[in-house]
Amino acid sequence: MTQLLPLVDQIPPIAGQPGRPRHRPDRVQADRAYDSQPHRRELRRRGIASVLARRGAAHGSGLGTTRWVVERSLSWLHQFGRLRIRRERRADIHQAFLTLACILICCDFAVRLL
């Protein structure tokens, strides 16, 4: 809950289109844990629309239609035991295993398309 704004601040510039690279997303989607007026206010101040599920509201906020992509991707990464339970102390070694897992997932996906 306390890491939403630092995470948004750490988003790298998005290159690829002509002009100045973008430094922030159009909107942020999050679950009920991030529902607070300070978060909404700070995101609005930064020019980012907030799509945060409200506490106390019935399920079916609509976030699940796009959130499943993230959950599915995390489950693919958790197939690899070294990523499921992190034992590496060094961030560069963990990053190497994460990169390797992403490569294997993409190669497997590409082979299935052929």
- Message: If R₀ is 22 angstrom, what is the calculated FRET efficiency for the pair His23 and Arg45, using the beta carbon separation as r and rounding to 0.05?
- Response: 0.90
- Query: Which angle between 0 and 90 degrees, to the nearest 10, do you get for helix 64-77 versus the longest principal axis of the chain when only C-alpha atoms count?
  - Reply: 30
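State the volume of the convex hull built on the alpha-carbon positions of the chain, expressed per residue in Å³ and rounded to an integer.
171
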- Among Gln17, Gln29, Gln95, whose mean-square fluctuation peaks in a Gaussian network model of the chain (Cα, cutoff 10 Å)? Gln17
- Query: How long is the gain from Arg72 to Ala96 if the chain were fully straight, where each residue apart is worth 0.36 nm and the alpha carbon distance is subtracted?
  - Reply: 6.5 nm
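Every number here is computed from the coordinates shown, using simple stated rules; none is lab data. All values reported here derive from a predicted model rather than from experimental measurement. Every residue, glycine as well, gets a Cβ built from its backbone with ideal geometry; the counts of neighbours run over all protein chains shown.
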